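A.B. asks: I am attaching a structure below and will ask some questions about it afterwards.
What follows draws every value from the coordinates through simple rules; no lab data is involved. These figures come from a predicted structure and were not determined experimentally. Methodologically, a virtual Cβ is constructed for each residue, glycine included, from the backbone with ideal geometry; neighbour enumeration extends over all protein chains shown.
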Ligand code: ADP
Ligand code: MG
């Protein structure tokens, strides 16, 4: 049973990048307006996420690292269609506590004292402490007890690159929040509340912000690069669906390029950050453990909206 548990946990947390994503999503689900991420040793030694969100009440804090303990989903089968939060399986904290040492300190603003939960494997200990409102979750020594898993981890520098890119995507899609990423004690990325253009400045540098046009039509919001300043880099196309950064289906990337029509040189790919708002029942994030792949009920309809929104943005800004 212990081995089965570790395998199941490995589906959710197979590398430190997964820990960062899951903890950040929890902070977003908690309504945080400030999210600070600390990573040490490529995330294997430490991943810490501090937020100023709603916290966990003392009476339910011991449940948080239990498997399938979630406050986000009603236990009836149909509710999957109505998920509006990023998390819903109740497995992330549990998996982090299986794969490493979890420490969570949390306090709802209305509660006097804070609680600390330490969890590793099946062992869960709760203590009363004092702390500011919000939640800080730390995962230390990831895979220390799993040498086979440790051997297959990327080099710290490579993992940090991907973590930085991941946090950058959250900044791009949640630009209204404060964000800070520190790596081995040094600030790597910081962002104060702004619009999508400001987020492009934080992630790609201040000059990039002058290169983008605002897109807003038909449930599609964000920015695209001005055609004359567009370079051929597909790694700069970012989409989110209802707040969740997703790996875009190629149809959506194609729709953006088609929105430019003949304005774009052949083979060029614009920078874009596009947030799609869909009815929850029209998308299913439950097709992959990391929830980065969404199934869209009407992909061609969504693609048409994207193409149209991009075309409108370009039409509104004649060269
Ligand atoms: P899920 O996000 O799928 O519900 P998790 O294992 O990620 O499951 O978290 C378990 C529960 O712990 C959440 O449902 C939530 O109630 C609580 N929780 C976790 N992180 C936070 C946080 N940063 N702020 C407030 N509550 C949190
Ligand atoms: Mg979660």
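A.B. asks: Nearest 10 degrees is fine. How inclined is helix 16-29 to the longest principal axis of the chain, computing both from alpha carbons?
C.D. replies: Its long axis makes an angle of about 80 degrees.
A.B. asks: Using alpha carbons only, how many degrees (0 to 90, rounded to 10) separate the axis of helix 2-12 from the longest principal axis of the chain?
C.D. replies: 20 degrees
A.B. asks: Taking the chain as a Gaussian network, Cα atoms linked when under 10 Å apart, which of 134, 55, 205 shows the biggest mean-square fluctuation?
C.D. replies: 205
A.B. asks: For a quick check: sort 202, 16 by the number of other beta carbons within 10 angstrom, fewest at the front.
C.D. replies: 202, 16
A.B. asks: Quick one: if the Förster radius is 51 Å, what FRET efficiency do residue 111 and residue 214 give, using the C-beta to C-beta distance and rounding to 0.05?
C.D. replies: Taking R0 as 51 Å, the efficiency between residue 111 and residue 214 is 0.80.
A.B. asks: Please work out the Kirkwood hydrodynamic radius for the stretch 40-187, using every pair of different C-alpha atoms, and report it in angstroms with one decimal place.
C.D. replies: Roughly 16.8 Å, rounded to one decimal.
A.B. asks: What is the order of 239, 178, 260, fewest Cβ neighbours within 10 Å to most?
C.D. replies: Taking fewest neighbouring Cβ atoms as first place, the list is 178, 260, 239.
A.B. asks: Please compute the length gained on full extension between residue 152 and residue 178, using 0.36 nm multiplied by the number of residues separating them and subtracting their Cα-Cα distance.
C.D. replies: So the extension gain works out to 6.0 nm.
A.B. asks: Further question: Return the single residue from 265, 147, 227 with maximal mean-square fluctuation; model: Gaussian network over the chain, springs between Cα atoms under 10 Å.
C.D. replies: 147
A.B. asks: For 115, 272, which order do you get if you count the other beta carbons within 10 Å of each Cβ and list the fewest first?
C.D. replies: Least to most surrounded, the residues fall as 115, 272.
A.B. asks: Quick one: angle between helix 156-173 and the longest Cα principal axis of the chain, in degrees between 0 and 90, rounded to 10, please.
C.D. replies: With rounding to tens, the tilt is 60 degrees.
A.B. asks: Then there's this: Using helices alone, I'd like the mean residue ellipticity at 222 nm for the chain: each DSSP H run of four-plus residues gives -39500 (n - 2.57), total over residue count, nearest 500.
C.D. replies: Rounded to the nearest 500, the figure is -9000 deg cm²/dmol.
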